[in-house]
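Colleague: One structure is given below, represented as structure tokens, and several questions about it will come after.
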Amino acid sequence: MGATTTPGVHRRAQARAVRPAVSKVPEVTAVFWVVKILTTGMGETTSDYLARALGPVPAVAAAGLLLVAALITQARTRRYVPAVYWLAVVMVSVFGTMAADVAHVALGVPYTVSALVFALALALVFIVWRRTEGTLAVQTVAGGRREVFYWSVVMATFALGTAVGDLTAATLGWGYLSSGLLFAALIALPALAHRLFALPPVLGFWWAYVLTRPLGASFADWAGVGAGRGGLGLGTGPVSLVLVVMIAAVVLWLSAADRRAARSLP
């Protein structure tokens, strides 16, 4: 009996590995990348603003509680819900930024060290996810273990991106604008590599995903910090508010489109 059932079980496991099911992650379109970059910038400036307004410890505690609430809400949904999903991303952005900043400011960990640690943590999650589930494609994230892996990766990418962005801007002294332009060039490479060298789409996606964090954060910092630090001096509070409004507007538009699509289903 075992010899007859094993192939069937194996085929079903393979089907689950490649079948898209009802993904809880949005379709990867231009709008996806726009909102993702907006959340990275918003997380950077909001983290800085809250740390000064509330103090580091209360800010981290409040962001941590809101992150847990957002992730629990996301886990309880059965499909992709724009407002719920992007709220979770926003809170990961804020808390992930604080995690990297606390490691540097409070614990004195150099950005070179924290960037290496977060990179190793991200690689470890990728390895375990790939070996456990057989794929890193976000279209297969429909809950359960894959969703845990997905959000673990998202958290690690935000912490890593924060450390790398501050490493280039502050430690290496390149400044926020130059760092932003560098990451803007680097984020275009996956599309070019896919076109010229047939880079696998999943690898290209995660390559670009990691780079959205330092890209958005560098430009947001450049807009928020003063001229003495090479910025425009608009302030972290106003920059955060503008980014929140932009994110909310796009998410409301996505929610309306999602409702229209749901009503059109038979």
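Colleague: Which helices (runs of 4 or more DSSP H) does segment 65-168 wholly contain that include 1 or more residues that are among the β-branched types (Val, Ile, Thr), modelled with pLDDT of 90 or more and closer than 14 Å to THR40 by Cα?
Modeller: 82-105, 144-166
Colleague: Any residue in segment 242-259 that is at pLDDT 90 or above and of a type in the set (Asp, Glu)?
Modeller: So far as segment 242-259 goes, no, none of its residues is at pLDDT 90 or above and of a type in the set (Asp, Glu).
Colleague: Still on this structure, please answer the following. Open to solvent by 50 Å² or more (accessible area, probe 1.4 Å), within 19 Å of TRP33 (Cα to Cα) and in a helix (DSSP H, G or I): is that true of ALA184 in this structure?
Modeller: no
Colleague: Further, regarding this structure: State whether the residues of segment 191-205 include one that is crowded, with 22+ Cβ neighbours inside 10 Å, charged (D, E, K, R) and in a helix (DSSP H, G or I).
Modeller: Within segment 191-205, not a single residue is crowded, with 22+ Cβ neighbours inside 10 Å, charged (D, E, K, R) and in a helix (DSSP H, G or I).
Colleague: Taking the condition of being crowded, with 18+ Cβ neighbours inside 10 Å and within 28 Å of LEU107 (Cβ to Cβ), how many residues in segment 130-149 meet it?
Modeller: Of the residues in that region, 1 qualify.
Colleague: A further question follows. Which number in (1) in contact with a helix residue (DSSP H, G or I) (Cβ under 9 Å, 6 or more places away or on another chain); (2) surrounded by fewer than 18 Cβ atoms within 10 Å (Cβ to Cβ); (3) within 23 Å of GLY173 (Cβ to Cβ) marks the one condition that MET246 misses?
Modeller: It is condition (3) that MET246 fails.
Colleague: Does ILE37 count as modelled with pLDDT of 90 or more and in contact with a Ser or Thr (Cβ under 6 Å, 6 or more places away or on another chain)?
Modeller: So ILE37 fits the description; yes.
Colleague: With open to solvent by 10 Å² or more (accessible area, probe 1.4 Å), more than 30 Å from ARG79 (Cβ to Cβ) and under 15 Å from the mean Cα position of the chain (by Cα) as the only criterion, which of VAL164, VAL210 stands out?
Modeller: VAL164
The values are calculated or read from the model by the stated rules, or taken from the named source; none is laboratory data. Because the structure is a prediction, the values reported are computed rather than measured. Reconstructed Cβ throughout: ideal geometry from the backbone, glycine too, with neighbour counts over all protein chains shown. Just so you know, the surface numbers come from the protein's heavy atoms only, side chains and all, with ligands and any DNA or RNA stripped out. Shrake-Rupley method; radii C 1.70, N 1.55, O 1.52, S 1.80 Å.
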